[in-house]
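The values are calculated or read from the model by the stated rules, or taken from the named source; none is laboratory data. Computed from a prediction, not measured in an experiment: that's the story for all the values here. Cβ: placed from backbone, ideal geometry, glycine included. Neighbour counts: every protein chain shown. What goes into the accessible areas is simple: the full protein's heavy atoms, side chains included, and nothing from ligands, DNA or RNA. Shrake-Rupley method; radii C 1.70, N 1.55, O 1.52, S 1.80 Å.
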Amino acid sequence: DHVKFGLPGSYAASTVGWGYYEFRDAYEKSGQQEHVEDILHWFNDFYMNGTYLDEDGKVIAFCYQVGEGNNDHNYWNPPELQSSDMLLDFARPAYFATSALPTTDDVSESAAALAINYYNFKDTDPDYAEKCLDYAKALFDFATENEKKVGDGADGPKSYYTSNKWEDDYCFAACWLYLITRDHRYIADSIGYVD
């Protein structure tokens, strides 16, 4: 089962990142700092590698899911045991948020995860932290500038992990970006969506 599901993945990334931000000393004392940072790098790198920017740094597409639930859930083995014949018949589609399909919930939660991890790496790897922040801002701008809606559910790619609202993810990202930048536009952009 190797689907990269957007919402549970980005929620896990933001929650683990937030926990590390709040309780870093506990991770250090228990010897888990290197392990959690490795996990956070995997998440961050996936979100940044799946974000396609134009020459002005604006998001044109964001990959929020790789794989298809029904196919993947029927194969419970490591990928290295898949034969090349099997891989040819094993659909691994990628799903993208675009201006035509904005998927505000996935984009916003991923922006939040990247923003949180700015804090987690700013002292130990400032260049990487800045890159996370740049992508978080670009994703949030994409969510702000496009129609706001939840991603495709029901029989679509998000049929396994659906969402019925985008506002919580959007406001969560806005709060982290405000805390980092102190730019009030993030609060202004989100305040009308707090319920």
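General observations
- Residue within region 25-36 that is surrounded by 14 or more Cβ atoms within 10 Å (Cβ to Cβ), within 18 Å of Lys137 (Cα to Cα) and under 17 Å from the mean Cα position of the chain (by Cα) present: no
- Leading residue by the ranking (surrounded by the most Cβ atoms within 10 Å (Cβ to Cβ)) among those in region 126-148 that are of a type in the set (D, E, K, R) and assigned to a helix (DSSP H, G or I): Lys137
- Test: residue in region 125-148 that is over 15 Å from Lys58 (Cβ atoms) and polar (S, T, N, Q): no
- The residue pairs whose first member lies in region 2-13 and is within 8 Å of Tyr161 (Cα to Cα), whose second member is part of a loop (DSSP other than H, G, I, E, B), and whose beta carbons are closer than 7 Å, counting only pairs six or more residues apart or on different chains, are Phe5/Tyr160; Phe5/Tyr161; Leu7/Tyr161; Leu7/Ser163; Pro8/Tyr161.
- Checking the stated criteria, Asn70 turns out to be part of a helix (DSSP H, G or I), open to solvent by 60 Å² or more (accessible area, probe 1.4 Å) and among the polar types (S, T, N, Q).
Listed here are the residues, each with its yes/no results for (1) open to solvent by less than 50 Å² (accessible area, probe 1.4 Å); (2) under 25 Å from Asp38 (Cβ atoms); (3) in a loop (DSSP other than H, G, I, E, B); (4) not hydroxyl-bearing (Ser, Thr, Tyr).
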residue	(1), (2), (3), (4)
Pro102	yes, no, yes, yes
Ile116	yes, yes, no, yes
Tyr119	yes, yes, no, no
Thr124	no, yes, yes, no
Gly151	yes, no, yes, yes
Ala173	yes, yes, no, yes
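- When restricted to residues that are farther than 18 Å from Pro126 by Cβ and open to solvent by 50 Å² or more (accessible area, probe 1.4 Å), region 44-53 contains 4.
- Output for region 100-126, where each listed residue is of a type in the set (Asp, Glu) and within 13 Å of Asn44 (Cβ to Cβ): Asp125
- Region 6-33 - residue that is of a type in the set (S, T, N, Q) and outside any helix (DSSP H, G or I) and, of those, farthest from Asp125 (Cα to Cα): Ser30
- Pro78 satisfies every condition listed in (1) more than 14 Å from the chain's Cα centre (by Cα); (2) modelled with pLDDT of 95 or more except (2).
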